[in-house]
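Participant: The following block contains the structure, expressed as structure tokens.
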Amino acid sequence: MSTTRKILSVAGGIAAGAVGVAAAGTAYRVARRRQVISRRGAGDLTPFGSLRSAPITVVTDDGVDLHVEIDEYDAPAGRRTAPELTVVFVHGYSLSLDSWHFQRAAYRGRVRTVFYDQRSHGRSGRSTPGHATIEQLGRDLSVVLDTVAPDGPVVLIGHSMGGMTIIALAEEHPELFGDRIVGVGLISTTAGGLEVHRVLVPGLPSNVGGQLAQRLVTVLGRGHRAVDGVRRIGRSIALVATDELAFGDDVPASYVEFVDQMLSATPFEVVAEFFPNFSALDKFETVKALSVVPTAIICGTEDKLTSIAHSRKLHAHIGRSTLLECEGAGHMVIMERHEDVNAELDKLLDAAGVEVDGNDRR
């Protein structure tokens, strides 16, 4: 064979290989895209709060009963074992596990998922005195993991206070990240510098507004039964406030009503117990521990509770992190932009080395 023919033969082989690789890559992208398309509308026709599974009780280190629900992986025909991955969803302040409605609908049966009500929220038991803290929530998450996902890789996804819970876990157990925990999603959250008083007393300087807001919540907390009564009577006002604070764009009325129901179901005494945590939170040095795993950071640009600046700061502190800014969305971006959020979580699972629908690539 002449030198020219050899060169042409090698070049042809390389070209064929490249075409094969490209075709394989295209096939994979098409398959992934079909999965995304097939999930569009998941949850839209399902009544809010209706996605349930048989509950189990996990007891925390201080004796509080946590309500936990697990959606197991639905293995395709011919596959005997489910993928080892578990995805744990951690909800936010004054909400419940039902806040993950659209994510639960999208991932149900495709991957093993765990949802639980944080202490004093939803169907879980009330916190013991002095334990309504972010640090305790981190310890609660540790117990949940040891109970329902003792083996295999885990991806943690937290919204608002749920993200703070994950950060608190990283502070106490940094060794878990990169070992058992292979990916993290932080949605509409922060690690510190939160000025929650701006919701209650906007326009006042931080040093004045923060003190005034704390005193106001403390006083109202002492009369929590009366406050709960007023909240029930003033439902129309509460509904408007929920719409303005939780969402950025106009969303279906059912979204606003559902979030308002979760907020109204949380006793004001619980609201007051957890409130001091947010102004005292200071864990931006801690989040560097998350740099060892893929971390997806998601936030709406019109978030009035944990502004987009907090997510940008998290992104700057966490190596290997990505940041999705949902233009015009508010704090409840997990509902308002659920398709965008779910697509970003798909990317997180890919980056963590696990494909949804059972093709574990770890």
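The numbers here are math on the coordinates, done by the rules we state, and not lab data. Owing to the predicted nature of the structure, the values given are computational and were not obtained by experimental measurement. No Cβ is skipped: glycine too gets one built from the backbone with ideal geometry, and neighbour counts run over all protein chains shown.
Participant: Among VAL64, VAL293, which comes first, second and so on when ranked by fewest other beta-carbon atoms within 10 Å?
Facilitator: VAL64, VAL293
Participant: Where a Cα-Cα gap under 18 Å defines reach, which aspartates and glutamates qualify for LYS313, not counting those fewer than 8 residues away within the same chain?
Facilitator: Partners found: GLU171, GLU195, ASP282, GLU285, GLU302, ASP303, GLU325, GLU327.
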